[in-house]
Structures are given as C-alpha cells and as structure tokens.
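Asks: One structure, as structure tokens, below. Some questions next.
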Amino acid sequence: MSVWVILVAAGRGERLGLDRPKAFANLGDEPLLAEPLRRLEACPWIDAIVLVAPPGWEEPAILLAEEEGCGKVRACVTGGEERSDSVRAGLAETADDALVILVHDAARPLVTDDVVERVLAPLSEGWDGAVPGLPVGDTLKRVAADGRVEETVARDGLWAVQTPQAFAVDALRRAHAGDSDATDDAGLVEAAGGRIKVVEGDPRLLKVTTAADLDRIASWL
Ligand code: CTP
Ligand code: MG
C-alpha cells in the first residue's frame, strides 16, 4: 500500500513569538523542520511526503528538504490561514493511488517509526483512522474567565491526542471536502461518521508551542 504523509509546517508560531515561522525556529543548531523531515524520510512505512510551508518560506523549505536528502518529498505547497486549510492544500498534492494518508505537525519533531507503525495497524483492520494518544493524568476543571471553578470534569476515558494521525484516504478526503476549520483531522473524520481508534502515543511527541517546549525537546535530542 502507498502511504503518504502531509507534513504541516505552515503555522506562524505566534505563541513562540520569533521573527520567523515556528518551523524555522532553532532546534539545537538547525531549523526545527529538519528533524521531522529527516525522521519521516528514514521511516520504512512511509512512501511519500507532501511538505506544507509557510507563505513566503517555500524556497527555504525546499532547500532544507534537499539538504537533508529527502527524496520522498513529492511536493512543497503553500499553507493556508488555518491549519485545516494547510492540510487541504497538502491533500490536493497527494497521488490518486495513495491508500493511506498521515497528517503530522512539524511542530512535533520527535516522530518515531514505532508510533507510525502503531497508527497504521488499525487501518488494515477496517478502522477509518487512528491517532496516538495519552491518557489524561491531571485532574481537569472547567474554569470561567474570572478563574472561578465551574466544575470538576471526570477524567475517566479522557485522552490527549497527538499526531501523526493516519487515515484511509477516502475518509480523509470526504472529511475535508467542506471548509471546516477544525484543528484535529480525526475530529473531522468522526463528524463525517468515520470510526477512529486511539493507539498509544508518546510523551516525546510533545508539540512545540512555547520557547520552554523547544528547550525541553532540544534536551531530549
Ligand atoms: N499549521 C499549518 N498551517 C496553519 C496553522 C498551523 O500548517 N495555518 C501547522 C503548524 O505549522 C504546526 C501544526 O499545524 O506544525 C500545529 O499548529 P500550532 O502548534 O498551532 O502552530 P502555529 O499555528 O504555528 O502556532 P501558533 O498557534 O502559536 O501561531
Ligand atoms: Mg496555531
């Protein structure tokens, strides 16, 4: 089967607050984007990559992919205003004969072969999609804008989900046929009636949101 990855790297990184998009923030002495690119290139389960770059950063993205020897990169496209627009831009570049599409946040640089293998497995058992997740450990409370606790939410059965998320190609295409701005592709597939399975995630799939996240990930490398 032919497995494609849409690597979404087109966000502005507003919460990181640098003078360039998050994908080009320094992780160690390289742009963050180099890490997931290299890992996906080397992953034996993946056949092809579509890179979704921030507007104006397409050339540096292509150059970086070339420097890293990423022969699996089939296209580099410009992302959109919202994450879902970027995923749709990437989807348009996937081949008609793709069977499975993974969507991965470049902001989660430490993707592993193991987690890719885990999200792919349920697709051959008839699931429409699979996502990595971790059971929520902390107590959860719903809190009003002024800080007052409104309720304590039972955390039983609650999972925090990550990427890479894997989908049967038809399920993902159908889910993205509209123009919803959901931040979670699995959520769109669920809303379209798809069955999604959660598999074991990885704490090191932490998403870079702030400078502290970048430092933490750099310390793991
Ligand atoms: N993303 C994207 N296109 C967008 C928004 C986000 O490709 N219009 C990607 C980001 O590059 C990132 C992933 O989606 O890899 C998760 O998004 P997030 O962590 O929110 O990144 P940013 O949107 O860049 O950060 P911020 O929300 O702080 O601006
Ligand atoms: Mg964002």
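Asks: Net charge near residue 48, counting Lys/Arg +1 and Asp/Glu -1 over other residues with Cβ under 13 Å of its Cβ? Walk me through the numbers before you get to the answer.
Replies: Numbers: positive: 72, 74; negative: 41, 47, 93, 96, 97.
My count for the surroundings of residue 48 gives -3.
Asks: Filter the trypsin sites (Lys or Arg not before Pro) in segment 95-159 down to the DSSP loop ones having no more than 13 other Cβ atoms within 10 Å, then list what survives.
Replies: Working: sites: 118, 141, 142, 148, 155; in loops: 148, 155.
Answer by residue number: 148, 155.
Asks: Continuing with this model, one more query. Return the whole-Å distance between the Cα centroid of segment 99-154 and the Cα centroid of segment 15-91.
Replies: Segment 99-154 and segment 15-91 have Cα centres spaced 21 Å from each other.
Asks: Which whole-number percent gives the relative contact order of the chain, counting Cα pairs below 8 Å spaced six or more residues apart?
Replies: Details: 437 pairs, mean separation 51.4, N = 221.
After rounding, I find 23 percent.
Asks: Sticking with the crude label model, points 7 Å out along Cα→Cβ, report the distance from residue 95 to residue 141 in nm, one decimal please.
Replies: 5.4 nm
Asks: What accessible area per residue, rounded to a whole number of Å², is obtained for segment 122-221 using a probe radius of 1.4 Å? Mind showing how you got there, number by number?
Replies: On the way: 5700 Å² over 100 residues.
Ligands and nucleic acids excluded, the figure is 57 Å² per residue.
Asks: Say each of residue 82 and residue 18 gets a label point 7 Å from the Cα, pointing the same way as Cα to Cβ; how far apart are those two points in nm?
Replies: 2.7 nm
Asks: Moving on to the next point. Using a simple spin-label model with points 7 Å from Cα along the Cα→Cβ vector, what separation in nm is obtained for residue 177 and residue 159?
Replies: Result: 2.7 nm between the two label points.
Asks: First compute the accessible area of segment 66-160 with a 1.4 Å probe, then give the percent of it belonging to carbon and sulfur atoms. Please list the in-between numbers first.
Replies: Working: 2290 of 4970 Å².
That fraction is 46 percent.
Asks: Report, largest value first, the span of the C-alpha coordinates of segment 50-104 along each principal axis, in whole Å.
Replies: Over segment 50-104, Cα extents along the principal axes are 28, 26, 16 Å.
Asks: Dipole of the chain, Cα-centred, from +1 at each Lys and Arg C-beta and -1 at each Asp and Glu C-beta, to the nearest 20 debye? Mind dumping the intermediate values first?
Replies: Numbers: 23 positive and 39 negative charges, 90 e Å.
Once rounded to the nearest 20, the dipole reads 440 debye.
Asks: How large is ³J(HN,Hα), in whole Hz, for each residue of segment 17-26 in order, when computed from phi with the Karplus curve 6.51 cos²θ - 1.76 cosθ + 1.60 and θ = phi - 60°, using x for Gly and Pro?
Replies: These are the phi-based 3J(HN,Hα) values: x, 8, 8, 8, x, 4, 4, 10, 5, 6 Hz.
Asks: Work out the charge dipole of the chain with +1 on the Cβ of Lys and Arg and -1 on the Cβ of Asp and Glu about the Cα centre, then indicate which of 154, 69, 18 is farthest towards its positive end.
Replies: 154
Asks: Same structure again: When only Cα pairs under 8 Å and 6 or more residues apart are kept, what is the percent relative contact order across segment 1-119? Provide the component values of the computation, followed by the final result.
Replies: Numbers: 215 pairs, mean separation 47.8, N = 119.
About 40 percent, as a whole number.
Asks: Pulled fully out, how much extra length does the chain show between residue 114 and residue 151, if you take 0.36 nm times their separation in residues and subtract their Cα-Cα distance?
Replies: Details: separation 37, 0.36 × 37 = 13.32 nm, distance 3.74 nm.
Separation in residues times 0.36 nm, less the Cα-Cα distance, equals 9.6 nm.
Asks: In the chain, how does Rg compare with the Kirkwood Rh, expressed as the Rg/Rh ratio over alpha carbon atoms?
Replies: Values: Rg = 17.2 Å, Rh = 17.9 Å.
Across the chain, the Cα-based Rg/Rh ratio is 0.96.
Asks: Just from its helices, what would the mean residue ellipticity at 222 nm be for the chain, if runs of 4 or more DSSP H residues each count -39500 (n - 2.57) and the sum is divided by every residue, rounded to the nearest 500 deg cm²/dmol? Walk me through the numbers before you get to the answer.
Replies: Values: 7 runs with 60 residues, N = 221.
One gets -7500 deg cm²/dmol as the mean residue ellipticity at 222 nm.
The values are calculated or read from the model by the stated rules, or taken from the named source; none is laboratory data. The structure displayed is predicted, hence computed values, not measured ones. Every residue, glycine as well, gets a Cβ built from its backbone with ideal geometry; the counts of neighbours run over all protein chains shown. Accessible surface areas use protein heavy atoms only, side chains included; no ligands, DNA or RNA. Shrake-Rupley method; radii C 1.70, N 1.55, O 1.52, S 1.80 Å.
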